[in-house]
Amino acid sequence: MQVPSFSLKDQLSEIGVDLSSAILKVVESGHYIGGLEVDKFEKSFAKIIGVSHAIGCNSGTDALILALRALNIGHGDEVLTPSFSFFATAEAISNVGAKPIFIDVDIENYLLDLNLIKEAITPATKAILPVHLFGYPVNMDEILALAKENNLRVIEDCAQAVGSIWRGKPVGSIGDIGCFSFFPTKNLGAIGDGGAVVTNDSQLAARIRELAVHGMPTRYFHTDLGYNSRLDAIQAAVLNVKLAFLPKWINKRQKIAKRYQVLLKDIPSLEVPSDSLGDNNVHSWNQFVIRLKSSSQNKQISKENLKFDLKKIYDQLPNSSFRDYVKESLLALGINTIIYYPIPIHLQPAYAKLNYKYPCLKNTEILCSQVLSLPIFPELTEKEQDYIVNHIRDLIQSYL
């Protein structure tokens, strides 16, 4: 059996006709930049997120840069954010001239450790940039309290969290600005790059719109050095079709995640992600990320009752971690998994060159050596899920 880490095949069989029709309509209209589809999407997305303004842009990365620029964050400023995230989170901060100050994460939920934020605040700190990683919403009550106490702005990185909710409010609607990605693997994915910035602040919205079109509030009148960062009409048309299906897809992801939790909970050296969020909170499960915690490297491999050569795989990875062994063994069985993320941002060569001094980021570094994302997408079948779980169980039992 072959199980992809992510698949759009079944989704296309469900909505492919609608997508083709929507795309052809845009092609025939001749309006490829802006226009009715973009306007429709921005209004619909703003309504879903519960904000007054949504501005489409080229990508989630651009959304972060536009948000930072709109808040006048730049050279000499510091922004508190996790190192356990996709590189773009910190990259956007650096690209506006500011400095990311990396905060360690809670090892249980992979999110910013809220207890460490206050001690990291300095006179140069201008904002907190929490990441709703894998769809798990950050405790925004505490983030907002810290921000208010210290006169800081809050930018939510919601790239992986469309559909997540904190205390009854969709993520992205809680801080000053929310930033979304519509990369194809996201819960709401385009057929290419795309992003959006959302806010309830009319002045910030106007500023973001200007920056996204060359700093141009009116045609050929430029008040600032901006960008060419627009959501094109074809991507907007695709997203308009998909918006109607988003609640159903998230519901399916939640059921798959719950089933994983039940099936995996008693396997030694494996920790399933938590969703103990309480009432009025929603995890949207863009990823299902387990922790493989064994550090043993020299176990004898038992091949009894297994249908593939574990020893061969093990010998090819003599210096690897337990996590890498499981990943490669699953791949030999046709099960594709992904590591989010193998190297924390603060240890990437791009940041080593900057000679920053980092605080202790122990949990971040531990997670990067242990996490493994299992296949999760709305169309994943119970048969495929059982195949994944049964082989994980066999692998771990033979290893320990």
Task: Highest average packing first - 323-334, 370-381, Cβ atoms within 10 Å - done: 370-381, 323-334
Task: Relative contact order (percent, whole number), region 9-243, Cα cutoff 8 Å, 6+ residue spacing - done: 26 percent
TODO: Give the share of C-alpha pairs in each 5 angstrom bin for region 9-243, from 0 to the last occupied bin, in whole percents, shortest bins first.
DONE: 1, 7, 15, 19, 20, 16, 11, 7, 4, 2, 0, 0
Open item on the list: Treating only the Cβ of Lys, Arg, Asp and Glu as charged (+1, +1, -1, -1), what charge dipole size does the chain show about its Cα centre? Round to the nearest 20 debye.
Closed with: 280 debye
Task: Ranking of 146, 347, 204 by count of other Cβ atoms within 10 Å, fewest first - done: 347, 146, 204
- [ ] Starting from region 101-200, pick out the GluC sites (Glu not before Pro) whose DSSP state is loop and whose Cβ has at most 13 other Cβ atoms within 10 Å.
- [x] 108
TODO: Report the relative contact order of the chain, percent, no decimals, based on alpha-carbon pairs under 8 angstrom and at least 6 residues apart.
DONE: 21 percent
TODO: Calculate I(q)/I(0) for the chain by the Debye formula, one identical point scatterer on each C-alpha and no solvent, and give its log10 at q = 0.06, 0.11, 0.14 Å⁻¹ to two decimals.
DONE: -0.25, -0.83, -1.25
Task: Cut-off under 5 Å, modelled amide H: who pairs with residue 153 long-range - done: 127, 128
- [ ] Among 127, 30, 63, flag the residue with its Cα farthest along the positive direction of the charge dipole of region 8-129, charges on Cβ as +1 for Lys/Arg and -1 for Asp/Glu.
- [x] 30
Open item on the list: What are the ³J(HN,Hα) couplings of region 256-268, residue after residue, when phi is run through the Karplus curve with 6.51, -1.76, 1.60 and θ = phi - 60°? Round to Hz, x for glycine and proline.
Closed with: 5, 4, 4, 5, 4, 4, 5, 6, 9, 5, 9, 7, x
Task: For region 318-367, convex hull volume per residue from C-alpha positions, Å³ - done: 101 Å³
- [ ] Mind checking which of 203, 369, 49 is farthest towards the positive end of the chain's charge dipole, using Cβ charges of +1 (Lys, Arg) and -1 (Asp, Glu) about the Cα centre?
- [x] 369
Task: Amide H partners (placed H, <5 Å) of residue 105, local residues excluded - done: 113, 363, 364
Open item on the list: Classify region 121-236 from the C-alpha gyration tensor, please: rounded if a/c falls under 1.5, else prolate or oblate depending on whether a/b exceeds b/c.
Closed with: oblate
Task: Inter-probe distance in nm under a simple model that places probes 7 Å from Cα toward Cβ, at residue 219 and residue 248 - done: 4.1 nm
TODO: Please say if region 61-125 is rounded, prolate or oblate, where rounded means a/c under 1.5 for a ≥ b ≥ c the square roots of the C-alpha gyration tensor eigenvalues, and otherwise the choice is prolate for a/b larger than b/c and oblate otherwise?
DONE: oblate
Open item on the list: 5 Å is the cut-off here: which amide hydrogens, built 1.01 Å from N in the peptide plane, fall below it relative to residue 53, excluding neighbours closer than 5 in sequence?
Closed with: 199
TODO: Calculate one ³J(HN,Hα) per residue across region 10-24 by plugging θ = phi - 60° into the Karplus curve 6.51 cos²θ - 1.76 cosθ + 1.60, and present them in order as whole Hz with x for glycine and proline.
DONE: 5, 4, 5, 5, 7, 10, x, 5, 5, 5, 4, 5, 5, 5, 4
Open item on the list: Please compute the Kirkwood hydrodynamic radius over region 57-174, one decimal place, Å, based on all pairs of different Cα atoms.
Closed with: 14.1 Å
Task: 3J(HN,Hα) from dihedral phi, region 91-101, Karplus parametrisation 6.51/-1.76/1.60, rounded to Hz, x for glycine, proline - done: 4, 4, 4, 5, 5, 9, x, 8, 10, x, 9
Task: Average Cα contact separation per residue, region 1-138, under 8 Å, 6 or more apart, as relative contact order % - done: 18 percent
Task: Charged-residue dipole, Cβ positions (Lys, Arg, Asp, Glu), region 9-243 about Cα centre, Debye nearest 20 - done: 600 debye
Open item on the list: Need one word for region 188-261: rounded, prolate or oblate. Basis is the Cα gyration tensor (sqrt eigenvalues a ≥ b ≥ c); a/c below 1.5 gives rounded, then a/b vs b/c decides.
Closed with: prolate
TODO: Go ahead and set up a Gaussian network model of the chain, Cα springs under 10 Å, then flag whichever of 349, 82, 100 fluctuates most.
DONE: 349
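FYI, it's all coordinate maths here, none of it is from the lab. Owing to the predicted nature of the structure, the values given are computational and were not obtained by experimental measurement. A quick note on method: Cβ atoms are made from the backbone with ideal geometry, for glycine too, and the neighbour counts reach across all protein chains shown.
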